[in-house]
Amino acid sequence: MSILEKNTAGNKTSAPSRPGRPFRQRIFGNGLKPGYLTYGLLLAFFLGSAYPLWWSVVVGSRTNEALGLDWPPLLPGGNFWTNVGEVFDTIPFWTALGNSILISTIITVSVVTFSTLAGYAFAKLKFRGNGVLMVAVVATMAIPTQLGIIPLFMVMRTFGWTGEIGAVIIPTLVTAFGVFFMRQYLVDVIPDELIESARMDGANMIRTFWHVALPAAKPAMAILSLFTFMMAWTDFLWPLLVLNADNPTLQTALSQLQSSRYVDYSVVLTGAALATIPLLVLFVLAGKQLISGIMQGAVKG
């Protein structure tokens, strides 16, 4: 046997077999790969979060008798479209849907725009009273919303805006949380040297914000957009007080389904399921861009 053949045979016999992951790592995982316990907890949280929505769809596709069964049904019935027709006949569904889409879109665009501008100013611009003003903005978050409803309603009535969707939009064109969120993000993600370099190249304040701050702020803007749209879409108390029954949002219109003495919960849950569909569509369409923005914001260097 030649020397090459001996070396080859020795390498074959001495090559160690690749062992599998230890039992503890398969259960609990390690720093690079999660274990079975992590997947089990995620699955349990997913099922626990999705079950109420699924149960609403199941009951919404049946009649009220489904609520009196000893064991709750797990599969949809055949009464869904009948309940949908009942919803359309009881409330101005399409008017309410259009109002909710318009209000949520305008509020989202306004909050993201003004919060990004204010957050950049608080994070990177040096002016007198910067810290004091930021503390004042954050302090407004400690005031419960319910305390300002009565004076805010009086202001809207003085302007003659009660019953109009502008009364829902204007008080929430910018939020303290949005300003604080964008400020905290931009203060670390944009180096001061980059701003100074842009100014040395002759860029004014607006061009510096547009070409330096705005591209860096896009991941946070995507997250803030999603949260703001959800909060505006699900807002109930203030639209209920300031709008009338002929010009409601979708959430306040759904309350009309249970205003009578006899409440058909299957119809109510059908309306709730219909009101959830736009949010699910938004998550499906924007989910990939949102995750991409989060990953871009997580990568440094």
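Could you tell me how many of the residues in the range 91-106 are assigned to a helix (DSSP H, G or I), closer than 26 Å to V268 by Cβ, touching a helix residue (DSSP H, G or I) at 6+ places or on another chain (Cβ under 6 Å) and β-branched (V, I, T)?
1
Determine whether L41 is among the hydrophobic types (A, V, I, L, M, F, W, C) and free of Cβ contacts under 8 Å to residues at least 24 places away in the same chain.
For L41, the condition - among the hydrophobic types (A, V, I, L, M, F, W, C) and free of Cβ contacts under 8 Å to residues at least 24 places away in the same chain - is met.
Could we say that S61 is within 30 Å of I206 (Cβ to Cβ), open to solvent by less than 30 Å² (accessible area, probe 1.4 Å) and either out of contact with any Pro (no Cβ under 8 Å at 6 or more places or on another chain) or touching a residue at least 12 places away in the same chain (Cβ under 8 Å) (or both) here?
No, not satisfied.
Just to be sure, is L257 touching a helix residue (DSSP H, G or I) at 6+ places or on another chain (Cβ under 7 Å), modelled with pLDDT under 90 and either closer than 25 Å to M156 by Cβ or buried (at least 19 other Cβ atoms within 10 Å of the Cβ) (or both)?
Against the criterion (touching a helix residue (DSSP H, G or I) at 6+ places or on another chain (Cβ under 7 Å), modelled with pLDDT under 90 and either closer than 25 Å to M156 by Cβ or buried (at least 19 other Cβ atoms within 10 Å of the Cβ) (or both)), L257 qualifies.
Anything in the range 64-81 that is in contact (Cβ under 8 Å) with a residue 24 or more places away in the chain and open to solvent by 60 Å² or more (accessible area, probe 1.4 Å)? List them, or say none.
If the condition is that a residue be in contact (Cβ under 8 Å) with a residue 24 or more places away in the chain and open to solvent by 60 Å² or more (accessible area, probe 1.4 Å), then L67 is the only one that fits.
I need a count of the residues in the range 180-201 that are of a type in the set (K, R) and open to solvent by less than 80 Å² (accessible area, probe 1.4 Å).
1
Here are the criteria: (1) open to solvent by less than 70 Å² (accessible area, probe 1.4 Å); (2) closer than 28 Å to A121 by Cβ; (3) out of contact with any Gly (no Cβ under 7 Å at 6 or more places or on another chain). Tell me which single one I149 does not satisfy.
Failing condition for I149: (2).
Return yes or no: is T175 closer than 14 Å to V112 by Cα, hydroxyl-bearing (S, T, Y) and either buried (at least 18 other Cβ atoms within 10 Å of the Cβ) or modelled with pLDDT of 90 or more (or both)?
Answer is yes for this residue.
Quick one: count up the residues across the range 186-205 that are of a type outside the set (D, E, K, R), under 17 Å from F122 (Cβ atoms) and in a helix (DSSP H, G or I).
The qualifying residues number 5.
Kindly indicate whether any position in the range 97-117 is without any contact (Cβ under 8 Å) to a residue 24 or more places away in the chain, touching a Lys or Arg at 6+ places or on another chain (Cβ under 9 Å) and open to solvent by less than 70 Å² (accessible area, probe 1.4 Å).
For the range 97-117, residues without any contact (Cβ under 8 Å) to a residue 24 or more places away in the chain, touching a Lys or Arg at 6+ places or on another chain (Cβ under 9 Å) and open to solvent by less than 70 Å² (accessible area, probe 1.4 Å): absent.
Among the listed residues T162, T228, which satisfies the condition of being open to solvent by less than 60 Å² (accessible area, probe 1.4 Å) and part of a loop (DSSP other than H, G, I, E, B)?
Selected residue: T162, the only one of T162, T228 that is open to solvent by less than 60 Å² (accessible area, probe 1.4 Å) and part of a loop (DSSP other than H, G, I, E, B).
Table: residues versus (1) farther than 30 Å from F88 by Cα; (2) modelled with pLDDT under 85.
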{"position": "V212", "(1), (2)": "yes, no"}
{"position": "N247", "(1), (2)": "no, no"}
{"position": "V263", "(1), (2)": "no, yes"}
{"position": "S292", "(1), (2)": "yes, yes"}
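Kindly list the number of the only condition in (1) open to solvent by 80 Å² or more (accessible area, probe 1.4 Å); (2) polar (S, T, N, Q); (3) over 30 Å from F181 (Cβ atoms) that fails for N204.
Result: N204 passes all but (3).
Counting only residues that are at pLDDT 90 or above and small (G, A, S), which one in the range 113-137 is farthest from L186 (Cα to Cα)?
A136
The values are calculated or read from the model by the stated rules, or taken from the named source; none is laboratory data. Remember, it's a predicted structure, so these values are computed and weren't measured experimentally. Please note: Cβ atoms are built from the backbone with ideal geometry, for glycine as well, and neighbour counts cover all protein chains shown. Please note that ligands, DNA and RNA were not included when accessible areas were found on the heavy atoms of the full protein model with its side chains. Shrake-Rupley method; radii C 1.70, N 1.55, O 1.52, S 1.80 Å.
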